[in-house]
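The values are calculated or read from the model by the stated rules, or taken from the named source; none is laboratory data. Remember, it's a predicted structure, so these values are computed and weren't measured experimentally. With ideal geometry, Cβ positions are generated from the backbone for all residues, glycine too; neighbour counts draw on all protein chains shown. Accessible surface is based on the protein model in full, side chains and every heavy atom, while ligands, DNA and RNA are left aside. Shrake-Rupley method; radii C 1.70, N 1.55, O 1.52, S 1.80 Å.
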Amino acid sequence: MLYIGPLRVLLVILFFLFIGKKVFRYPLPSDKINFFVKKWLKYGTIMYASIFVLHQLGFYDLFAVLLIIIFLIIAHVFGIKFRDLFAIGERSNIVLLYWVEILEKKYLGTFKEKEKKKAKIVRGEYMFLINVLIISFVLFYFLGNDLFTSTFVWNDDLAKIRLFNNQMWFLDNLNEIGDYSLISIYAKLTGLTNELALKTFGVIEISILSVVLSWFAYKLTKRSHILATLSMLSVVVLFMYAPTHTGYIVAHNSIYLSLSFTIPLIVYALEQKEKTINHKLFWFRVPFIFLTLFFINLHVYIVILPLFFASLLLFKKDKKGSLKFLGAYGIALFIGLVYIYFVSDLDYFMSYIRTNLIAVNTYTYPRTLKYNWDDYINVYLIIGALFNLILLAVFKKRKVDTKVLVFNMFMFFLFLLFKTNTYYIDKDVLTIIVRMFMPVTILTAVYVIYSNVLGFTFLKKLRTSIPVSILCVLIFVSGSYYYQKNRVYNIVPPGNYANTVLEAYNKILMNNLPYSYMLVNDSDHFILDSENHFLMNYDEFIHNYTKQDSIYSKYKDKKEVLKKHPEYVLPNSIYVFKYDDYGKKKSDDRVSNLKEESKGSLENKAIDSIVIKLKDRGRKVNVFYKENNISVYEIENIPNSSNVIDLMFQ
């Protein structure tokens, strides 16, 4: 159940690639990792902006968003520019001739068939596929031991998604939407419930970020597959050095999404290629991406990005290109602040800025590290200062890549923020960002030292070797497992109550028509998908249901009586949740542990008594779902009237 969402996203991506290659004959580049990152930056930001605009206009739904994305993809494939929209007649003729050529080729044989080239996987893509498999295995392992689901923060996030689906962008509690908009569209695209989408979206965010970080290391180290591979794996494999509890590693976080868009911008600002800096649409595209980052995570935008620009302006030779990126950043910041001000008042504006500079739902646990986190910071500041001094010393004598120098100075400034004590610096956000950037920082530093500072060249021949890369992966993964095996064995799997409840809810939702059934559960679970069914708590069910059942059974054929007394009308089906061994788990993070064992035992006995009484009355009662000490009884008041399959074939 947990892998369904990410798998469906992968199938959607493969479907678009298949259509582009087979239908539109769109050639895929040889460097597919670079292709993926660029398309993610382009269409990811367009999707986010489309959701934003449609939401403000009140037109937000899956069809509208997909229509915009598909239109832009088709325009890109056919080379249609915005300025060509006025020459739509000419463009339509080109498209028509394109399809005529295909039909002639297929049915008339007037064109010679081109020799089909065998599909080749270029160097590095083998490692990319292996890395994706390893990362997926690790992430789904942690997802199975997830502690985030059904916590207070998880319930609060679920409420935000529902408010967003109801056309509410800025919430009353002043929190930014962040990645909730993409979680909403992810749920609609994959057909998942909001609960399952919220639970599994962190896997997608971390997977995308790990690929982007691999591409980042690939760019900084001049196409070193080995270092890019190690950077990608370090994000999830070295969890002992992650200042996060293992039960919260796969929890969604807007910081992951923000970094996946920020890193490509950092690379473009470091490279400052002529076609990027002098592009006609530079002052539209780059501020557009920056504005997306502004709405995803305000702390990353206002606190983190200025540090990068400070490092860029200090150590990058081309000041003109750096100033253009800084100008695009300033334009996006101005537009974002003006928008917030005009949709609210001054008090709301100031409260919004102060509130979102502190990520309330972002938390870290440095105590899970093997060594003290403050010691990590002090050691890095010392080593980072020495390393940057060495780079500056040899900068003029040798061709040291300025990209590595700028990035390492940015990381040094980032660590200096840990030494500040101010309300506007969220140390948890800094900790998560440092955790993601540290593998790239260390590996690029090693690369620069042995290739540029020390002048060694023999390792350069091995950096793109596939056998050497595979050997490095095996050594790294096996060494990480051996060094962290005690932590792996000590991970106590949480009670599967939350996952089991979600699975039962998902099965009920997928099999029944909305509002044709009622769920009987405790009030702590009312947050789960309450927009598609009626609700009844245990107290009402235990004390009133049998009476209501007898009245409804007596008058269910007398429509006029029921119209006058709708309070006695029962849904077509009733699903009653029963939790065995309630209260035996002592973790405060589990919703199923909130009630005392004695009370849970009395409730279970009362539920069993009611079920027996209903069976004696001739009601159809069966066990709809049973797993992990959770049973769900189905009471059919009107047979074959809720289940979609039954209604189709009755």
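Worth pointing out:
- Single match in ILE383, ILE390 (criterion: open to solvent by 10 Å² or more (accessible area, probe 1.4 Å), farther than 23 Å from SER210 by Cβ, modelled with pLDDT of 85 or more and part of a helix (DSSP H, G or I)): ILE383
- Qualifying residues in segment 409-437 (those that are of a type in the set (Lys, Arg) and within 24 Å of the chain's Cα centre (by Cα)) - the one least open to solvent (accessible area, probe 1.4 Å): ARG435
- VAL65 satisfies every condition listed in (1) in contact with a Leu (Cβ under 7 Å, 6 or more places away or on another chain); (2) at pLDDT below 60 except (2).
- Pick from segment 395-408, criterion more than 29 Å from the chain's Cα centre (by Cα) and part of a helix (DSSP H, G or I), ranking: modelled with the highest pLDDT: LEU405
- Of the residues making up segment 478-508, those that are closer than 20 Å to ASN628 by Cα and either part of a helix (DSSP H, G or I) or at pLDDT 65 or above (or both) are TYR497, ALA498, ASN499, THR500, VAL501, LEU502, GLU503, ALA504, TYR505, ASN506, LYS507, ILE508.
- Every residue from segment 152-211 that is of a type in the set (Val, Ile, Thr) and free of Cβ contacts under 8 Å to residues at least 40 places away in the same chain: ILE161
- If only residues of segment 1-21 that are within 17 Å of ASN499 (Cα to Cα) and part of a helix (DSSP H, G or I) are counted, the one that is least open to solvent (accessible area, probe 1.4 Å) is GLY5.
- Residues in segment 613-650 that are assigned to a helix (DSSP H, G or I) and either over 40 Å from the mean Cα position of the chain (by Cα) or surrounded by 19 or more Cβ atoms within 10 Å (Cβ to Cβ) (or both): LYS613, LEU614, LYS615, ASP616.
- PHE216 vs. criteria buried (at least 24 other Cβ atoms within 10 Å of the Cβ) and in contact with a His (Cβ under 7 Å, 6 or more places away or on another chain): no
- Flag for PHE315 being touching a Leu at 6+ places or on another chain (Cβ under 7 Å), open to solvent by 20 Å² or more (accessible area, probe 1.4 Å) and in contact (Cβ under 8 Å) with a residue 24 or more places away in the chain: yes
- Scope segment 33-61; condition in a helix (DSSP H, G or I), charged (D, E, K, R) and touching a helix residue (DSSP H, G or I) at 6+ places or on another chain (Cβ under 8 Å); matching residues: LYS38
- Whichever residue in segment 533-550 is open to solvent by less than 40 Å² (accessible area, probe 1.4 Å) and either in contact with a Phe, Trp or Tyr (Cβ under 7 Å, 6 or more places away or on another chain) or assigned to a helix (DSSP H, G or I) (or both) and, among such residues, is nearest to LYS160 (Cα to Cα): HIS533
- Residue in segment 246-261 that is farther than 29 Å from ASP375 by Cβ, open to solvent by 10 Å² or more (accessible area, probe 1.4 Å), at pLDDT below 90 and over 17 Å from the mean Cα position of the chain (by Cα) present: no
- Filter result (open to solvent by less than 10 Å² (accessible area, probe 1.4 Å) and aliphatic (A, V, I, L, M)) within segment 228-245: ALA228, MET232, LEU233, VAL235, VAL236, ALA242
- Restricting segment 511-527 to residues that are among the hydrophobic types (A, V, I, L, M, F, W, C), over 16 Å from VAL623 (Cβ atoms) and at pLDDT 80 or above, the residue that is surrounded by the fewest Cβ atoms within 10 Å (Cβ to Cβ): LEU513
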